[in-house]
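Colleague: So that we are looking at the same thing, I have put the structure below in structure tokens.
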Amino acid sequence: MDHNLTSSEPAQAPAPTLREIFGGFLGLGLISFGGALPLARRAVVERRGWLTAAEFTDLLGLCQFLPGGNVINLSVAIGMRFRGLPGALAGLLGLIAGPSLVVIGLGVLYEHTQDDPHVRHLFAGLAAAAAGLLVSMALKILLPLRDKPMAALIAALGFIAIAIMRLPLLPTMLVLTPLSIYLASRAAR
């Protein structure tokens, strides 16, 4: 059942087992080439109830600040949260095991078909779908911030700096992170 964001969130599920963490991220890795973040949110928040929407947004914010891929960081953070180091390893291995094998196989196939115009059109269509998933995810991430104007302002400043002004990520984060911490501490008083 697809939950809409205006309905009340489902009750949070009990802590997942190592097998559930591995299996959840294995399935996610196998179905989410190029657009794992929207599917990760749906799996972790809406289907499994491991995190609330606000917890997911907060954890994703941390994962985006860390080096590496957001979903990889998310798999490690969720595994670590529920099962410590073994959970982090289960999440990471689950996320990368299947896709690694698929990518190797596709690489071999692409080597033999890269000059085919049908293959070029396929990749153009995949790029458009990935862009749509990115826009959808951005909207879902912003919705929990609608009641937090300062957090939404920081997110908007980050978007403007990186996406529109093309400023480098690291300097942007070095400015916005202390600013967001300061604003959050002022709001908590």
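Colleague: Restricting attention to region 1-45, which residues are at pLDDT 85 or above, assigned to a loop (DSSP other than H, G, I, E, B) and of a type in the set (A, V, I, L, M, F, W, C)?
Modeller: 15 - this is the single residue of region 1-45 that is at pLDDT 85 or above, assigned to a loop (DSSP other than H, G, I, E, B) and of a type in the set (A, V, I, L, M, F, W, C).
Colleague: Kindly indicate whether any position in region 123-145 is under 16 Å from residue 58 (Cα atoms) and either among the hydroxyl-bearing types (Ser, Thr, Tyr) or over 20 Å from the mean Cα position of the chain (by Cα) (or both).
Modeller: no
Colleague: Further, regarding this structure: If you check every pair at least six apart or on different chains, which have Cβ atoms under 9 Å apart with a residue in region 96-115 that is assigned by TED's automatic domain parsing to the domain that holds residue 36 first and a residue that is of a type in the set (Ser, Thr, Tyr) and in a loop (DSSP other than H, G, I, E, B) second?
Modeller: Close Cβ pairs satisfying both conditions: 99/32.
Colleague: Within the set of pairs 6+ apart or on separate chains, which have a first residue in region 35-61 that is crowded, with 21+ Cβ neighbours inside 10 Å, a second that is of a type in the set (Val, Ile, Thr) and part of a loop (DSSP other than H, G, I, E, B), and C-beta atoms under 9 Å apart?
Modeller: Note: pairs meeting the criteria are 45/52.
Colleague: Across region 136-174, which residue is farthest from residue 65 (Cα to Cα) among those that are free of Cβ contacts under 8 Å to residues at least 12 places away in the same chain and of a type in the set (Val, Ile, Thr)?
Modeller: Checked region 136-174; the qualifying residue farthest from residue 65 (Cα to Cα) is 164.
Colleague: So, one more: Could you check region 103-189 for helices (runs of 4 or more DSSP H) lying wholly inside it with 3 or more residues that are among the hydroxyl-bearing types (Ser, Thr, Tyr)?
Modeller: Filter on region 103-189 gives 169-188.
Colleague: Taking the options 61, 49, 68, name whichever one is farther than 20 Å from residue 96 by Cα and not in a helix (DSSP H, G or I).
Modeller: Only one candidate qualifies: 49.
The values are calculated or read from the model by the stated rules, or taken from the named source; none is laboratory data. Quick caveat: nothing in here was measured; it's all calculated off a predicted structure. All Cβ positions, glycine included, derive from the backbone under ideal geometry; neighbour counts span all protein chains shown.
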